[in-house]
Structures are given as C-alpha cells and as structure tokens.
1. Looking at segment 135-162, which of its residues are free of Cβ contacts under 8 Å to residues at least 40 places away in the same chain and among the charged types (D, E, K, R)?
2. If the Cβ limit is 8 Å and pairs must be 6+ apart or interchain, which residue in segment 383-399 that is over 15 Å from Y98 (Cβ atoms) pairs with which residue that is acidic (D, E) and at pLDDT 95 or above?
3. Among the candidates S362, S318, S304, which residue alone is at pLDDT below 95 and hydroxyl-bearing (S, T, Y)?
4. Can you tell me how many residues in segment 253-278 are touching a Phe, Trp or Tyr at 6+ places or on another chain (Cβ under 8 Å), surrounded by 16 or more Cβ atoms within 10 Å (Cβ to Cβ) and under 17 Å from G355 (Cβ atoms)?
5. How many residues are surrounded by 20 or more Cβ atoms within 10 Å (Cβ to Cβ), closer than 10 Å to P172 by Cα and not hydrophobic (A, V, I, L, M, F, W, C) if we restrict to segment 31-64?
6. Give me the pairs: first residue in segment 109-130 and without any contact (Cβ under 8 Å) to a residue 40 or more places away in the chain, second residue assigned to a strand (DSSP E or B), beta-carbon distance under 7 Å, and six or more apart or on different chains, which are they?
7. Determine the pairs where a residue that is touching a residue at least 12 places away in the same chain (Cβ under 8 Å), located within segment 27-39, has a partner that is part of a helix (DSSP H, G or I) and not hydroxyl-bearing (S, T, Y) with Cβ atoms under 9 Å apart, the partner being 6 or more residues away or on another chain.
8. Quick one: in segment 299-311, which of the residues that are in contact with a strand residue (DSSP E or B) (Cβ under 7 Å, 6 or more places away or on another chain) and under 14 Å from A240 (Cα atoms) is surrounded by the fewest Cβ atoms within 10 Å (Cβ to Cβ)?
Amino acid sequence: MQKLVERFLSYVAINTQSDSESGYSPSTPGQLQLARQLYSELTALGLSDVTLDERGYLMAKLIGNVSHAVPAIGFIAHMDTAPDESGQNVRAQIVHDYQGGMITLGTCGEQLDPAQYPFLNQLIGDDVITTDGTTLLGADNKAGVAEIITAIEYLIQHPEIGHGDICIGFTPDEEIGRGADHFDVEKFGAQWAYTVDGGPVGELEWENFNASSAKVICHGVSVHPGTAKNTLVNAMNIAAKFQVTMPEDETPEATEGREGFYHLVSIKSGIARCELHYILRDFDLEAMARRKTFMHQQAEKLNSQLRKGSVAVEISDSYFNMREQIAPHPEIITLVKQAMQALDIEPIEQPIRGGTDGARLSYMGLPCPNLFTGGYNFHGIHECITVQGMQQAVQLIVKIAEKTAEKI
C-alpha cells in the first residue's frame, strides 16, 4: 500500500484551506487544483462518469462486476482543510515504527507528548505521519480521499472481489459548512453512502450535533475620545458584557459526550459596531431550542440595562442530527459492523461532536454514516495519522463493497 502514502503526501502538499469569507465555490483556488489532479487520477484508473464541475464537485463511478442486482453505494470525502491553522507549505514527516515517548515536530520546538495525548501509547509499532509543527496536516480529509481512491484501485486490480456500482464523491468547502450546498444526489446515483471522514480506527458514527450559528451585533456610538463624555458608547464593551453572561461550563473545553455548548469563534471589533460570532451545538433539538432562547433572553436583559447602544441576536441553522434519517435504515450500519468484524476491527459507535457532509446529505435523501480514517487531533498543528490506520480504512471500504454484493 505504498501508493496510499504517496497519494496522501501529494494531496497534503496542495493548500486547500477553505475560506468562509469567500463568496466563491469552491471558496479557494487550491481546492480546484486538487480536484483537477484527482480528476486525472480517476480518469487514468478507467472509472466511468468522471465529472468535475465549476464549483469543485468531483464524481466518478466504478461499475459493478456481478451479474445479480446490487444496490449502488457511495463513498465521499472532502478536499478542503480547516481554516483553524495554516494549510500552506505542509511538510509532513513519518515516524517509522514508533516506540513511544515524545515525537518532535520538525525544528520548531513543538512535540507530541503522550502525557497530553494518551492515544499515542496505542500506536506503538505503527508508522505515524505528523506535521512539522507549523501547519495542520490535512488528514482531515485528504486521508479519506486517498483511502477511497486506493480502495477503488484495489478493487480494479482484484476483479475476483464481487461488488456493485460504487459511486465516488469529493466535495469542496466542508469545513466551512458548504460541502453539500451543490451536491447533486440524483447525479451521484447511490442508494446510500459513507463519508470517510472520522478519526481513530473503528469509529462508526451515525449521529451528530444539531448545529446553528449565532451572530450577536452590538451597536455603540462613536465620537472623538476628546469629547466623548456622556456620548461615546463603545460597542466592544457591550460585547464584553454579553459574553460574560454565557455559561462558562457550556463551552467546548468544558463539555464531552452528549453535552452541548456555546462557542465564541470570532469577533469583528469596532467602537460603533462589534460582532460576536458563535456556534451552538446540541444533540437534542429541544435543548438546541433552549440555547437559542437563552441567547435572545440575554440580549433582551442587556438592552434593558443599557442607557445607550443596543444588542441584537441573529441565529440560523446549519445542519441537523443525521440519526433521524439513518435510524430507519439499520441495514447500512449492520453492513459496516459485519465488514469490521471480518477485519477484526472493533466498532466504536459514538456520536460525532461535530458534523460531516453526511449530516446534510442524509437530509437530502442520501443516508450517509461516517467511517474512520485513522487520524487524530484534526484542525491543528498536532494533527497526525498512522499508515496502518489508513490501510485499515482502505480494507474496510473494500470489505463494505464486497459485503454489499454478498447480501443480495
């Protein structure tokens, strides 16, 4: 599977960091650069219906090789990387046969410490791919892209493995919530699909956060500070007063499991106008409704206290818990469990404290659980993945395709 690693390293070398401030689709040119490279690879493999549209959506199909009817299934990954850390000039390194202890990231002084990341103790003997400590790695989700293509190549090279039609989809801008915006489910052609966008080996996820975005707009009054007495109202002070009303124990750093949160992600500051941008997350829709109500109530209370200036809250929904759409189709989860069992992989079923393209696609008529890639610490300079974990993801994709054909 040397080609798997080569593919992955070639993909992470291309900066595909998405940009929420962009009005284009894809939001950044690097995503189209990678998409064109992938288009060439898929075409060279001889796949059918290879298409790349102007928005950066890439689709292809491996035609089934069995004579009986088999439902078409899909595998999906996104090409962009998160805006949280730079994706420019990614310099990956491989620690072969990791034997424990600190992993030094390049020459920048950063390290992966088992005391901070206990999962490292489970990777003894594996080949660990890391960053050099100056950028993210891009395993989220270029590992998924590499794994899907490598699995498809393996199926082509081993025609003795029976499978139905396999649909492949690579999307832009998932990290900024736009990955499913222009995804053509009918054109894709699958009865159901799997995003390959999870973490450690064994992850099987079919429940995710309900997600909303909130913008808190604080209006002040700007005048020259020399004549400001009883006139100037600093919108940033209003914003600070609002933020301190938010529950300290309901933030990402204070929650886990099925606990929801409020998360202040950015601030656009100014004297006359200051904006606080939050994301709201909860697995339960009623709990999410209470979060929205709470934010509006805090704005109303603050407005009643302000002599001048004002605050307003605008909230919009981003995506919903895919469980509602996948639960009626338990067979697509059972199929994965059977494939994992055949590979001696222990399924780790847990809710995603986040979202995937699959969450929105499930509500667009394409049930779409999430599978592991073998990676850890996504979105940051401590991101890493194991070669062995990536290989197991490839094996799982192949086995799911095989099991689908066997079931009929």
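The values are calculated or read from the model by the stated rules, or taken from the named source; none is laboratory data. Nothing here was measured: the structure is a model prediction, and the numbers come from that model. Cβ placement follows ideal geometry from the backbone for every residue including glycine, while neighbour counts extend to all protein chains displayed.
1. E160, the sole residue that qualifies.
2. That search, which allows pairs on different chains as well, returns E383/D140; A393/E147; V394/E147; I397/E147.
3. Working: S362 fails: at pLDDT below 95; S304 fails: at pLDDT below 95.
Just one listed residue meets the conditions, S318.
4. Of the residues in that region, 5 qualify.
5. Summing the residues that are surrounded by 20 or more Cβ atoms within 10 Å (Cβ to Cβ), closer than 10 Å to P172 by Cα and not hydrophobic (A, V, I, L, M, F, W, C) in segment 31-64 gives 3.
6. Q111/I103; Q111/T104; Q111/L105; L120/L112
7. Listed by first residue and then by second, the contacts come to S27/I176; L34/K142; L34/V145; L38/V145; L38/I149.
8. N303
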